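Every number in this text was worked out from the coordinates using simple rules, so none of it is lab data. Just so we're clear, the structure is a prediction, and the values are computed from it rather than from any experiment. In this analysis, Cβ positions are derived from the backbone assuming ideal geometry, glycine residues included, and neighbour counts consider all displayed protein chains.
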């Protein structure tokens, strides 16, 4: 009976923990530059011929895998929202090949998130109900991965991006 009880305690101690994928560092560009080639607010935003956005948003993050012998990151997602929490755009990037990780190993990931006229227009208008080439949007970023036993999703990290006229 004592041997059975000791065996049960050992098995409970060896129980596999749930894997975690963490983002433990996020650095993000906080400003997107805009330009109005003809200085006319009325025709710049939604016309394909008159692009006002000069930048994309560069982010660098560090992801780390916990409680799994190995795994990989296969996707990153981001969402851009107005100051009123209306979604401007949700998008994703697929890593090919996947980013391999061993337990407690971290990897740096850097990428550019594109910003277009539609996104800048929505952020500008929602900030103060005027089109004045100013505004802010909130960005959210998270990553998806997998281990031999389960799929894992990181927490969502958030940061703000401001628009400024160049």
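The table below gives the values:
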quantity: Equivalent ellipsoid semi-axes, the range 17-165, via Cα gyration tensor eigenvalues times 5, rooted, Å; calculated: 36, 13, 12
quantity: Pairwise label distance in nanometres, residue 164 with residue 62, each label 7 Å out on the Cα-Cβ vector; calculated: 2.7
